[in-house]
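Values in this text are rule-based calculations from the coordinates and carry no lab data. Values in this document were obtained by computation on a predicted structure and should not be read as measured data. Cβ: placed from backbone, ideal geometry, glycine included. Neighbour counts: every protein chain shown.
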Amino acid sequence: MSVKHALLSLLEQEPMYGYQLRQEFESRTGGTWPLNVGQVYTTLTRLERDGLVEAAGEDEDGHERWRLTESGHEEVATWFTTPVARTQPPRDELAIKLALAVTVPGVDVGTLIQRQRSASMTALQDYTRLKRQAGASGEASDLAWGLVLDSLVFAAEAEIRWLDHCEARLRRAATQEVPATAAAAAEQVTR
Amino acid sequence: MSSRLSGWRLALRLAARDALRHRARSLLVLVMIALPVAAVGVADTVYGTSATTGTEALERRLGTAAARVDLFAGGNQVFQLPDPEDGLSFDGGGRGDQALGVDDVGALLGGDRPLTEVREGTLRYETARGVGDAEVAELDLDDPLTAGLAELTSGRWPAGPDEVVVNADLADRDPGESLVLADGTRLTIVGTAESTRYTGYPRAFGLPGTFDLGRRAQRAVLVGGPPVTWEQVRALNERGAAVASRAVLADPPTDDQLPEEVQWGTGGIDSATLTVLVLVVVMVLLEVVLLAGPAFAVGARRQARTLALVAAAGGTPAQARRVVLASGVVLGLAAALLGTVLGIAGAAALMPLFQLASDTRFGPFDVAPLHLLGVAGFGVLSALLAAGVPAWVASRQDVVAVLAGRRGDARPSRRSPLLGLVLLGGGVGASAYGASRGTAGGGEVPIAVGAVVSVLGMILLVPVVVALVARLSRRLPLPLRFAARDAARHRTRTVPAVAAVAATVAGVVALGIAVSSDEAQNRETYRASLPMGAATVTDYRAGADQDAYAAAVLGVAPDLRVERLRGIDERRAVVRFRAGDQARLLTSYGGPFAATVLVADEVPDALVDLDAEQRRAGDAVLSSGGVLVFADGEVEASTSRVVLRRSGGDGGQSATTTPAVFVAVEGEYATVQGVVAPEVAQRLGATVADTGLYLPGPVPAATAADVSEAVGAVRDSGSFYVERGYEVPDETVVVQLVLAGLGAVLMLGGTLTATFLALTDARPDLATLSAVGAAPRTRRGVAAAYALVVGLVGAVLGALVGAVPGVAITYPLTGPLSDGTGGGPSHYLDVPWLLVLGVVVGLPLLTTALVGLTARSRLPLTARVD
Amino acid sequence: MSAVLRLVDVHRVHGEGEAAVRALRGVSFTAHAGELVAVMGPSGSGKSTLLTISGGLDQPTEGRVEVEGVDVVGLSQQQRARMRRTSIGYVFQGFNLVPALTAVENVALPRELDGVRSGQARRDAMRALEEVGIPELADRFPDDMSGGQQQRVAIARAVVGERRLILADEPTGALDTETGEEILRLLRARCDAGAAGVLVTHEARHAAWADRVVFLRDGVVVDESGSAPVEDLLQASHP
């Protein structure tokens, strides 16, 4: 998760101090990815070392503020115009779990799938409820929050669809010649 | 080239499979097309069978002879076609040569030929109830030449001139053991036989010498031996005989060898008949196409999705058309085959019925393959046409709309209603023109053509009308609103059905008005000859015995009053009335009296052409020795010059002037010229005789039949007439019933077709209605609403369009005669309101009720998408 | 909170013997007022059958079906039709509307079929159209409307006249995401206002609008997610 670029884009607006950065980040992402202040300061130090930010003096309350350098601005611009690469997919715990469940004998894959689906659906319902409550106030921050929420919704949906697909494939495998373990697993699914 | 063929093969296969899958719809189309084919097939086969052609009938006319020579008295030269029955004419002028005899014929033909004479004529014979007529034939029944002219059905042939065989018709009249002729001859009936040519009339056969036919006999000679050539036929013609020769009939001479006098062409159909024939064919074709069209339209719609996918995959519109046309070919061929088979089978089954109704004996079962092929082709053609329009629509459909699942037809085109309006206007104009021609001739064809053109124009206007009805349906209850709008959305299916109903109603209304108006004219212009219920007994022949007649009448009806009529004997004299310098006072006269001038001293009750005042004046003038004269118009004179001209003998005339009362009559016609007082007749030297009996009556119907028979018994020339006023002839009633019946059947067919197809089409909507909570009987309501919309709109439209030619045709039909002599109104118009309202209002309502009662009342529940 | 729709051990078998297809095998199911229940499952799982049985369009081979406390199974065709006119609203995936009628006429359909005079029915229909936010489409024909607009009219028809049970069979199937969401928003609002809704769908995102999601597999309920069934809370011992 690129905290570095998030902080840079926040500083694009105006110089801020550490704690302020954390506040802004959390408010714009709805607290989905909590950030602690220590992480903020560590990242700022690294950014300063790389020449992307520089100190901007203190404000009335004595907080030390930071601002972007020229390279910093360029970096932000590049980040916004470059798509996020999907080269290295993050390790998906669920996919690993399912892959192992299918090959390890004695695991009730059908129930596993159903339980996971139920849980994902519950999460999806919660997200949807949040969406309903989010009014259409028109503020930019609310819109941003909505988009983040939608990403969670779509991800959960994708997971459920993948689970449906797994279930169907396993059922089909039950009617064909497959290794004994997979066949046994498929049988459990269809029962 | 090969791809085209394979394309057709595929299309045909698809069509066949589709037809089998939708059995009800296919059956509908089959019936629609097969029925007309079968009907025409039956008619053609029956006609062909009944018309015995030359070769078939030869045995019936010639027996086993080589030729039959008909001898005519008077020795006039004869001109004939190869078959004298097709055409025969005489050289007028009666040269008075002796007629040929049997031996003369043999001499002329040469060779040693066997000959036998046949004599035929009409005789009266006694029956249980009186006297009857019979056709008799004298022929040598043992001679092999006559074999085939008569068929023995029971008993035996006569052995001598006092024996006779009779046919079934005569036997039915119950002559008894023996046949007693009018002249008293008694012949023993020894069997029954049938003529091989004719039925339906009493006949008797006997050996030569059995009947005393005398000069009235028709003589013919059957000639055996070698074939008789055309040259020999011509030779006999010159001597006054007509010849039917087997050889000539088998190999007729060419036209240029025929005598000029008979070269008017054979079997020519005049142009009027041809026009009517063509129009009838066009109308039948139109009706079939209109009725079968909706069925194909629905088929095209069902395939719409497939066709759209084909188009989306790169198929051409032509290929899409091909699939729909293919179903036309498949169903058309099947229907044509079915219709032809039904036609032949139907003709075979119905032949006995037709034979009964005809008076000639039919030949062997005669199927004309070429004709039937033509009729079958007609069936296939109409199927193709009926499929053509949907095919064209299918190829032009909006691919996008169909794939998106939008049902319904495209927006109506602008051009066709305009064309329809133009055609309608043209048709109305033609009808008006035809009407303006009146009875001058040449008006019928424009009206008939104008009627067809109007109907075609109306068909093009139907979409507009249907759309209009839909637009106006806002306020209607739900089923009607739904039906009207749905009908407008699916024009391809609705328009043909509405058009078929409208065309039928137009025809019924037009013909109904024509027939009724003609009837009205006959009714209005009918002139009674006698007071209502009165009767006369007259005998036009010389030597009539009025006493015998009076006795006969009183014998069967003693309560009737019988009066004698006296008049001037005009067999050798002619009487004319003159006034001033007018040459001819009365254009036409004639009535149920045997004289045109009556003699009496008061106006006879039998005369009806005068009112009370005129009758009084007439009585006065006759009692004072004057005359009563009928005239075309008012005559300003008080005397008349009566002229009697004698014919034959010494000729000459006598005249006298007397006081006269003139009575103007309507229509330039009276039953007699007038009445003269006895003194006047005496002064003229006229022969006055009893001229008949007058029965004031009223004579009831049962009594009339008895009197008629009794009168006939006295003498065969006696006639009996009862005035019953104008009686509608049976044919008129039959025609009106047939019109109503045919109209009902066609309208029912069209409406049921449209409703059935609409219901099938509307299954998704009906399922929606059901899902939304419609009661199951809503389906009935919707079905009935469809039927009402189609029936009522079609009927009203058809009535409006049919009224125009109907009214127009009354001008030429019932107008006054074009030579100006006929008076009367420009036309008679009687609109048969009962028929019209029945067809326009009653039939749609009846159809609606029928549909409502028979529609299934269960809504489809779950089949929501096709 | 009362149960507007209750299915108790419902079985539905099509055909007989070898070819018998068991669409539902002992399904028990409840929907309460104010609750939107989603039913998910692959094709052949029996979810459409569940809906048609709930609406009285189909009869179960065994089991009890109650709508607002009335046993639907014993009713005649007429009575069930009456229920569909007055208590139950249906929304389908496609071909919802009668193309021959305008939008307002389509919405007024259940009222008119129930014998309400057309003036009054039209007024009720206009009110429903306003509720779903498209009063301006009243006199348009379905052919001239987009898919989303048609579905909105269908929903209006399902809710006209204060109906308490709404059955929706894949109502968003033919629509894009945004429009589909609007449709679900409408359904949700209706349920919040007191109706009971049953939504059959295969889209998890849309099912997520429901209070409870029921999973059907091969005619059997295999799981439920979301807030626990209210019954369990109130009557823990009820089978």
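Here are a few things to note about the model shown:
- Formal net charge of residues neighbouring B:Ile189 (Cβ-Cβ distance under 15 Å; K, R +1; D, E -1): -4
- For the protein assembly as shown, with +1 on Lys and Arg beta carbons and -1 on Asp and Glu, the positive-most of B:Leu373, B:Phe90, C:Ala168 along the dipole: C:Ala168
- Cα point-scatterer Debye curve for chain C, base-10 log of I(q)/I(0) at q = 0.18 Å⁻¹: -1.39
- Environment charge at B:Ile513 (Cβ cut-off 13 Å; Lys +1, Arg +1, Asp -1, Glu -1): -3
- Convex hull (Cα only) mean projected area of segment B:706-837, reported in nm² to one decimal: 15.3
- Proximal charge balance of A:Val53 [Cβ under 12 Å; K/R count +1, D/E count -1]: -2
- FRET E, pair B:Val734, B:Leu370, Förster distance 35 Å, beta-carbon r, rounded to 0.05: 0.60
- Cα shape, segment B:69-262, gyration tensor, a/c 1.5 rule: prolate
- Projected label distance in nm at A:Thr42 and B:Arg13, using a 7 Å step from Cα toward the beta-carbon: 7.3
- Low-density loop cleavage sites - trypsin sites (Lys or Arg not before Pro) in segment B:533-570, where at most 16 other Cβ are within 10 Å (DSSP): B:Arg541, B:Arg561
- Overall, the anisotropy analysis places segment C:99-162 in the prolate class: the square-rooted eigenvalues a ≥ b ≥ c of its C-alpha gyration tensor yield a/c not less than 1.5, with a/b exceeding b/c.
- Cross-link partners of A:Lys97 among aspartates and glutamates (Cα-Cα below 18 Å; sequence separation of 8 or more within a chain): A:Asp108, A:Glu159, A:Asp164, A:Glu167
- Convex hull volume per residue, computed on the Cα atoms of the protein assembly as shown, equals 332 Å³.
- Percent of C-alpha pairs per 10 Å bin in segment B:607-719, short distances first: 12, 32, 29, 22, 5.
- Cα gyration tensor shape for segment B:317-391, rounded if a/c is under 1.5, else prolate or oblate: prolate
- Paramagnetic label zone (point 7 Å from Cα along Cα-to-C-beta, A:Glu26; backbone N under 18 Å) in segment A:41-68: A:41-44
- Burial ordering of A:Lys4, A:Lys97, fewest other beta-carbon atoms within 10 Å first: A:Lys97, A:Lys4
- Put a plus charge on the Cβ of each Lys and Arg, a minus charge on the Cβ of each Asp and Glu, and nothing anywhere else: the dipole of the protein assembly as shown about its Cα centre is then about 4120 debye.
- Mean partner shielding of peptide B:762-769, defined as the number of other chain Cβ atoms within 10 Å of each residue Cβ, is 4.
- Relative contact order for segment C:99-162, counting Cα pairs under 8 Å that sit 6 or more residues apart, in percent: 48
- Partner shielding of B:801-812 amounts to 0, given as the average count of beta-carbon atoms from other chains within 10 Å of each residue beta-carbon.
- Taking the convex hull of the alpha carbon positions in segment C:136-232 and averaging its projected area over all directions gives 7.6 nm².
- Segment B:69-262: relative contact order in percent, alpha carbon pairs under 8 Å with at least 6 residues between: 34
- DSSP-assigned coil residues among GluC sites (Glu not before Pro) in segment C:135-232, each with at most 16 further Cβ atoms within 10 Å: C:Glu162
- Neighbour-count order for B:His490, C:His202, fewest beta carbons within 10 angstrom listed first: C:His202, B:His490
- Packing, as the average of other Cβ atoms within 10 Å across residues, places the peptides A:6-18, C:27-39 in the order C:27-39, A:6-18, highest first.
- Among B:Gln80, B:Val389, B:Pro592 the positive-end extreme of the charge dipole of the protein assembly as shown (Cβ point charges): B:Val389
- In percent, rounded to a whole number, the relative contact order of segment A:3-81 is 36, using alpha-carbon pairs under 8 Å and six or more apart.
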